[in-house]
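Trainee: Dropping a structure here in structure tokens format, bear with me for questions.
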Amino acid sequence: MSSTDWVAFTRRVGAALAQQRRSRGLSQQQVGEAIGVEPETVSRMETGVISPSLKRLHQLAEVLDCPVEALLGSASAHPHDLINRLSEHLAPLSERERSFVIQQSVSLAAWLGVSRVRVQDASDAASTDAGFSGRRTRKTRDEDGPLP
């Protein structure tokens, strides 16, 4: 994992920590007291300035009455973790509603994939045009209009 990826991951963990804390109506002071750190340390963890150790993550999960995965899983961009998060949102829906969301997601993913290819193709074509006129030879996502 690159240092840029690590910083982004730490920030996502911090955001998940802050969200869990707020959803339980706890202050940084209260969480800090419960795990034996200053409120400033809790703030620094929530903003991603520092990353909590595994021991701290376990303590935080206990204080916030949530699984450690709620702090780490929501921070992960790994497809498996994203699927798990999506599954949690789909669970309370009816079968008909879940089917609708899945159909819309598949359509949107296909549209985004095609649009991304169009943008790249237009960029490639523009850079190889004789004289580099800067004109576009194919439609880009911006020209396709709003999302369906």
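Trainee: Run the numbers on the stretch 3-77 and let me know its relative contact order in percent, using alpha-carbon pairs under 8 Å that are six or more apart. Kindly include the intermediate steps, with their values, before the conclusion.
Mentor: Details: 79 pairs, mean separation 31.6, N = 75.
Across the stretch 3-77, relative contact order equals 42 percent.
Trainee: Something else about it: Sort the stretch 3-77 into rounded, prolate or oblate with this rule: let a ≥ b ≥ c be the square roots of the eigenvalues of the Cα gyration tensor; rounded if a/c is under 1.5, and if a/c is not under 1.5, prolate when a/b is larger than b/c, oblate otherwise. List each step's numbers first, then the result.
Mentor: Working: a/c = 1.72, a/b = 1.37, b/c = 1.26.
It comes out prolate by the Cα gyration axes.
Since every read-out is calculated from the coordinates, none of them should be taken as a lab result. What you see is a predicted model; the values in this text were computed from it and never measured.
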